[in-house]
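Worksheet for the structure shown next.
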Amino acid sequence: MSNPLSSHQVWLSTLEDHLNKERYSSSTVGHRVTTVREFLAFLNKQRLAVSAVQPATVERYLNIARGRYRRLHGHPPQYESWRRTHTDGIHMLLRLVQGQWPPVPIPATAFGLFKRETSEAYTSWLIDLRGLAPETVSGRRDEAHRFLDWLGERLTREALAAISVADVDTYMKNRAGSMRRVSLKLVATNVRSFLRWLHATGRTPRDLSKVVVAPVLYALESIPSALRPQDVARILSMAQQDRTSKGIRDFAILTLLANYGVRAGEIASLRLDDVDWRKETIRIRHTKTGVTSHLPLLPEVGEAILAYLQKVRPKVAFRELFIRNLAPYRPFGNGSSLYALVRCRIDAVGVPAGGKRGPHAFRHARAVSLIRASVPLKEIGDVLGHRASDSTLVYLKLATEDLRAIALEIPEEVKP
């Protein structure tokens, strides 16, 4: 009968092959393989198979490795960076072996089991019956988790059925804290969704979604923030001067943001076949509204994308246009992945603090530039992928100089 521990060497080879296939640098491959080899030696002493490793196992190993470092160097390591260099390879190995890491914890209490069952049923309803976007599902599921955690250990099927208006009011009051009204409005929307589901599925006898009190938000009450035209020009100029692979990719992304005002998620989901080089058009799938736009491929945008494709885009099988710049070479997971990239480029040119500093700042700036160019609101909405005119009207408040230019003089007889 074969010893399961003999598979450790096989897994080490599998990890090394995986790292090389993903085109990690030779130094990264060497470091991760060395770290994992030491971890596997620890497992051998524990007579433990890789498939049986739990988070507590990894923590025991890290404590031993940290003690060894202290004895060797005479001082403890800088913990966060040291831990990361050790766990990167170990976690990768465990994902290869177990399929998921960290493993989904098994609830140890009746409360935990009931919470998981309720969460899974609610999530399925949001996806399968409501067909909501992943970001919306995530937000509503997280709020449901907070609500269930707030109910605490007293949570049972019977207690959930007995929640009252007072319970809902108390939860909303606790959530309010120092939230802005717009944030609390979102919380109320998510709580209503969960309470509505509880009633629709027979878990509560009364639809308590109707008693959730939310702050009133008036149409067009907020003033969006936008980059100034000179700031956009400086950001693009500095990014264009960066001739590294990252700089060439970032310049193509920033050029798309500046010229079309697309959302970050729409850039992350762009595919190679969305650029039609013969017809000189680019297809944008507006993730928020479900609208698809076919826009002219502007020369500066086409040149930036072409430079990226010809010079630096990694040779991968993925059809997404933009790929991460470091191994593992993957598409951006979602629009949030672009925030740090864009903020870094904004900060690099010293744009004054205040307002948005991510991809949406370019979207607002593009809307204002189109308004100042006297482009009809309907056409601006088409470019931005708006379905309702109200979504475009809000940008009128940013064109303050234009509004001043057409302001009427106050008659002398009514002046104080």
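Structure notes:
- Relative intensity, log₁₀ I(q)/I(0), of the chain from a Debye sum that treats every alpha carbon as a point, q = 0.13 Å⁻¹: -1.29
- For the peptides 100-108, 251-259, the ranking by mean Cβ contacts within 10 Å, running from highest to lowest, is 251-259, 100-108.
- Cross-link pairs beyond the 28 Å C-alpha cut-off, checked among LYS279/LYS311; LYS45/LYS115; LYS185/LYS288; LYS185/LYS246: LYS45/LYS115; LYS185/LYS246
- For region 229-404, convex hull of alpha carbons as volume per residue, Å³: 120
- When the alpha carbon gyration tensor of region 177-279 is reduced to an equivalent ellipsoid, its three semi-axes come out at 43, 21, 12 angstrom, largest first.
- Percentage relative contact order, region 4-98, counting C-alpha pairs under 8 Å, at least six apart: 40
- Unit charges on C-beta of K, R, D, E only; dipole of region 52-159, Debye: 600
- Cα shape, region 4-98, gyration tensor, a/c 1.5 rule: oblate
- Simple spin-label estimate for GLU22 and ASP149 in nanometres, 7 Å along Cα-Cβ: 2.8
- For region 121-129, putting each phi into the Karplus relation 6.51 cos²θ - 1.76 cosθ + 1.60 with θ = phi - 60° gives couplings of 5, 5, 4, 4, 5, 4, 7, 6, 9 Hz, in residue order, rounded to whole numbers and with x for Gly and Pro.
- For the chain, the 222 nm mean residue ellipticity estimated from helices alone, with every DSSP H stretch of n ≥ 4 adding -39500 (n - 2.57) and the total spread over all residues, rounds to -18000 deg cm²/dmol.
- Our coupling estimate for region 139-147, obtained by passing each phi through the Karplus curve with A = 6.51, B = -1.76, C = 1.60 and θ = phi - 60°, is x, 6, 5, 4, 5, 4, 4, 4, 5 Hz, Gly and Pro reported as x.
- Gap separating the Cα centres of region 1-68 and region 124-177, nearest whole Å: 40
- Using the Cβ-Cβ distance between GLU59 and VAL375 with R0 set to 45 Å, the FRET efficiency from 1/(1 + (r/R0)^6) comes to roughly 0.15.
- The peptide list 228-235, 125-132, put in order of mean Cβ contacts within 10 Å with the highest first, becomes 228-235, 125-132.
- Residue (of CYS344, ALA317, LEU48) at the positive-pole extreme of the chain, dipole from beta-carbon charges: LEU48
- Rh (Kirkwood; distinct C-alpha pairs) - region 110-211, Å: 13.9
Coordinate-derived values only; no laboratory data. Small disclaimer: the values here were computed from a predicted structure and weren't measured. Don't worry about glycine lacking a Cβ; one is built from the backbone with ideal geometry, like all the others, and counts go over all protein chains shown.
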